[in-house]
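The values are calculated or read from the model by the stated rules, or taken from the named source; none is laboratory data. Treat the numbers as computed from the prediction; the structure is a model and nothing was measured. So basically every Cβ, Gly included, is an ideal-geometry build from the backbone, and we count neighbours across all protein chains shown. Keep in mind that these areas ignore ligands, DNA and RNA; they rest on the heavy atoms of the full protein, side chains included. Shrake-Rupley method; radii C 1.70, N 1.55, O 1.52, S 1.80 Å.
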Amino acid sequence: MLNSQRSLSELPKMSAASQVERAVLEEEFNWLLKEEVHAVLKQLQDVLKEASRRFSMPTPGLESQLKQENFILGSSTMDQVKGVLTLQGEALTQADINLKVAKSNQALHFQFREDKQWKLQQIQDARNHVNQALQLLSSHDESYHFKTGAEVNKLMDAVMLQLTRARNRLTTPASMTLPELATSGLMKMFTPPMPGDVMVNFYINLSKLCLTVYQLHVLPPNTTKNFRPAGSSVLHNPGAMFELNNNRFEVSHVHKVECVVPWLNDTLVFFTISLQLCQQLKDKISVFSSFWNYRPF
């Protein structure tokens, strides 16, 4: 009985302590919404501006302001394919490729026509996603007052979506079928023109600029070989088959060479830092919402 009375007498004290704790938490949460959120948004903008600067586009008429970089592509294990690629932002402005034909050991040399450039769609898309993330952040300047944690989370989710898409464009090259490669505009870029039994493809994989060269042979019309057209892939293997203009082809040799582009590596690091900043802010919001799980923070 005495224990029951003591428990009842302690209720007001517990209630008062709970109210004090709640007041302190609300004060901290309001500070978070007013001050810390904007500090994180400023950090995010600074990091993403650095990422965007790596993707910077030349001003019309001032193309020379964007640095041209030459990259040597080769392999220590084979010398069938060697190349020098010139990258200016998102554009390959020159490609110089030397190929040793496997059977005859004949040396072939191709380069971009002077009037041609090849846009790397992956870099273009990644840059666009970074700029969309920056627009989302700049729409909430320091004078903007966030009213709830849910509002902050909504913004962080939107920014993280753009950053994840930007990163995925650099880490996940597009899959293509062999007929798509054979008929792509890239095949019309070279002088002398590519022979009908050679195809090339350029793409970004993480921080690497990759060149793949396919050598083909025509399958005889009366061949007994089981013809199975290959599906879509980033990298096709020897033995892959396809049909184009009533002719059937098989990939006889595949050569892949690559080189690291340092500023793409920097950009991927900036994406990782930015995603961590977003997640850390969401985690802080969730700490407060766990105290008031009946209120939509």
* **Å² of accessible area per residue within segment 156-297, as computed with a 1.4 Å probe and no ligands counted** => 48 Å²
* Taking only the alpha carbons of segment 114-249, what extent do you get along each of the three principal axes, in Å, biggest first? -> 74, 39, 24
* To do: Could you work out, for segment 176-296, what percent of all Cα-Cα pairs fall into each 5 Å distance bin, beginning at 0 Å and stopping at the bin that holds the largest distance?
  => 2, 9, 15, 14, 12, 8, 7, 6, 6, 6, 5, 4, 3, 2, 1, 0
* Could you work out the local net charge near Cys210, counting Lys and Arg as +1, Asp and Glu as -1, over the other residues with Cβ closer than 10 Å to its Cβ? => +1
* To do: Please list 239-247, 42-50 highest first by mean number of surrounding beta-carbon atoms within 10 Å per residue.
  => 42-50, 239-247
* What number comes out for the charge environment of Thr171, summing +1 per Lys or Arg and -1 per Asp or Glu over other residues with Cβ under 13 Å away? -> +3
* Just flag the GluC sites (Glu not before Pro) in segment 67-138 sitting in loop per DSSP whose Cβ has no more than 12 other Cβ atoms within 10 Å. => Glu114
* **Rounded percent of accessible protein surface that carbon and sulfur make up, segment 146-297, 1.4 Å probe** => 55 percent
* Asked: Which net charge results when you count Lys and Arg as +1 and Asp and Glu as -1 among the other residues whose beta-carbon is under 15 Å from that of Gln121?
  -> +1
* Using a 10 Å cut-off on Cβ atoms, rank the peptides 265-274, 135-144 from the highest mean neighbour count down. => 265-274, 135-144
